[in-house]
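Undergrad: Here's a structure for you.
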Amino acid sequence: MEAILPKDIQAGLDAARVDSLRKSSRLRVHADGVEHKVLRYWDTGFSLDAQTAPQLRGRVDLFDGAAHLFQCLIVAVEQEGGEMLFDFKRATRVAKSAALDFERAADAPAGLITVDAPH
């Protein structure tokens, strides 16, 4: 059975839920030099607070604290329960190091140790 609540009570419950999500999340989206706190994250997208979320579309960067996780192409899907939902068109994990332009041998040395010759 589904309970039907008055609009003002439902709005208050939605606001409390969004506030709780905002306080517990470390994820951030950076778009056009502006940072937005992610309320929820799932494999195919994320949500932002509908009150403060702009109509983002295109390239954004997803961070967990200071760690850069993904470069994403996104599109806004819908607004639901005080949240603006976004889907990933593409989410590319950010590499920790630059890509190599050669094949590294499995038995390659980790470094070069030299011995100083006596003088």
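The values are calculated or read from the model by the stated rules, or taken from the named source; none is laboratory data. Model, not experiment: these values are computed from the prediction. Glycine gets a Cβ as well: all are built from the backbone with ideal geometry, and neighbour counts include every protein chain shown.
Undergrad: Being among the β-branched types (Val, Ile, Thr) and part of a loop (DSSP other than H, G, I, E, B) is the filter here; which residues of segment 33-44 pass it?
TA: Matches in segment 33-44: THR44 only.
Undergrad: Follow-up question, since we're still on this one. Condition first: among the β-branched types (Val, Ile, Thr) and either at pLDDT 80 or above or in a strand (DSSP E or B) (or both). Now tell me which residues in segment 81-113 satisfy that.
TA: If the condition is that a residue be among the β-branched types (Val, Ile, Thr) and either at pLDDT 80 or above or in a strand (DSSP E or B) (or both), then THR92, VAL94 are the ones that fit.
Undergrad: Still on this structure, I have one more. All but one of (1) in a loop (DSSP other than H, G, I, E, B); (2) surrounded by 14 or more Cβ atoms within 10 Å (Cβ to Cβ) hold for SER47; state the number of the condition that does not hold.
TA: Checking SER47 against (1) in a loop (DSSP other than H, G, I, E, B); (2) surrounded by 14 or more Cβ atoms within 10 Å (Cβ to Cβ), the one that fails is (1).
Undergrad: So the check is Cβ under 8 Å with 6+ separation or different chains; which pairs have a first residue in segment 61-78 that's more than 15 Å from ARG28 (Cα to Cα) and a second one that's exposed (fewer than 15 other Cβ atoms within 10 Å of the Cβ) and of a type in the set (S, T, N, Q)?
TA: Hits for this filter: ALA76/GLN55.
Undergrad: Name every residue in segment 54-67 that is surrounded by 15 or more Cβ atoms within 10 Å (Cβ to Cβ) and modelled with pLDDT under 90, in order of residue number.
TA: Matches in segment 54-67: LEU56 only.
Undergrad: Can you tell me which condition ARG40 does not meet? The list is (1) over 30 Å from LYS7 (Cβ atoms); (2) touching a residue at least 24 places away in the same chain (Cβ under 8 Å); (3) charged (D, E, K, R), and all the others hold.
TA: Unmet for ARG40, out of (1) over 30 Å from LYS7 (Cβ atoms); (2) touching a residue at least 24 places away in the same chain (Cβ under 8 Å); (3) charged (D, E, K, R): (1).
Undergrad: What number of residues within segment 50-67 are part of a strand (DSSP E or B) and among the small types (Gly, Ala, Ser)?
TA: Looking only at that region, the number is 2.
Undergrad: For segment 7-40, which residues satisfy the criterion of being under 15 Å from PHE70 (Cα atoms) and either surrounded by fewer than 16 Cβ atoms within 10 Å (Cβ to Cβ) or at pLDDT below 75 (or both)?
TA: ARG26, HIS30, GLU35
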